[in-house]
Structure formats: structure tokens, C-alpha cells
Amino acid sequence: MVTKNEVPAAIEGREISVIGQNIKPVGGPKKLPETDEVVYQLKADRRAESTIVKENLPKMWRFKDYSCLDDGDQIAGKQMWGLSSNFIGIGDLEVGTGGRTSAHPGQQLKIFGTCCMVLIKGYKGPAIDVHPKNELLKVGLKS
């Protein structure tokens, strides 16, 4: 089990738990350029943390060559972005569970299918140079 809180860091799996204080779906559905698989984007801000609940089979990276792939691997930081092939709706968010502080109830979400979460800004060091959605989704192509 690995925990990373500095850029570059990412996790990939079949099921990922996302905890934070500001989790929300962003943008519309997009197609992955190489497979035409439809994915849904999300972002997590403020004390965000993502953990692999179920790993990919076969266990190999698909999006980032530095991704952690084992059950229990985790990334944590100030800001994350990710995608899931399973639709993410506002009703999927659980409020008042993980990520709770005395001033904020916290939010929790589980994403399924083809899943990836990338650390944009960790607790240490600088933010990532190029936003992963520009690389992974080839922004500007058909959606």
C-alpha cells in the first residue's frame, strides 16, 4: 500500500473511493480518443484523498505510467481531477461522511468502471504543469 501526496501521482482501478470537501462532476461526457469509450469527469478540492478499492485486472497502467495500481494505494492533496466510465451524478455524493472537519461536513463518492484520479496539486511541491484532461481527453476533438 502506497500513499503519495506530491505531484506527479495518480491511481487507476475498477473502483476508487474519493473523499474531500468539494467534489463535483465537471464538463460533459467525453470520448477517450483511442477507444471511443465515454467517460465522465470530476474534480475534488480541499483535503482531497482517493483510494483504490478494486484494482484493474489485468493490473497495468492505462493513463499515466506513474499510476499506482494496487488495492489500498492512495493519493492525497489540495486538488485532484479524474474520470470514470460510470455516470457520476450529484445524487451519488454522500455528504457528511469522509473528509469531515468541525467547519465542513465533507463529501464521499465511489467511482466505477474505467477509473483514474490524478493529483493536480499536492500538499508538498508545485502543481502539475499540464492539466491531465488536456492529455487524456485530447481537448478540442469531438466529444
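The values are calculated or read from the model by the stated rules, or taken from the named source; none is laboratory data. Given the structure is predicted, the values throughout are model-derived calculations rather than measurements. Neighbour counts are summed over all protein chains in view; Cβ atoms, including those assigned to glycine, are modelled from backbone coordinates with ideal geometry.
A single entry from Ile11, Ile88 fulfils the requirement of being at pLDDT below 90 and within 13 Å of the chain's Cα centre (by Cα): Ile88.
Residues that are surrounded by 17 or more Cβ atoms within 10 Å (Cβ to Cβ) and part of a strand (DSSP E or B) were ranked within segment 46-56; the one that is farthest from the chain's Cα centre (by Cα) is Arg47. Regarding segment 113-134, can at least one residue be identified that is among the hydrophobic types (A, V, I, L, M, F, W, C), modelled with pLDDT of 95 or more and within 12 Å of Ile23 (Cβ to Cβ)? Yes.
One residue stands out in segment 57-83 among those that are farther than 12 Å from Cys116 by Cβ and among the basic types (Lys, Arg): the one that is surrounded by the fewest Cβ atoms within 10 Å (Cβ to Cβ), namely Lys59. Residue count for segment 8-41, restricted to those that are crowded, with 20+ Cβ neighbours inside 10 Å and either among the small types (Gly, Ala, Ser) or over 15 Å from Leu93 (Cβ atoms) (or both): 8.
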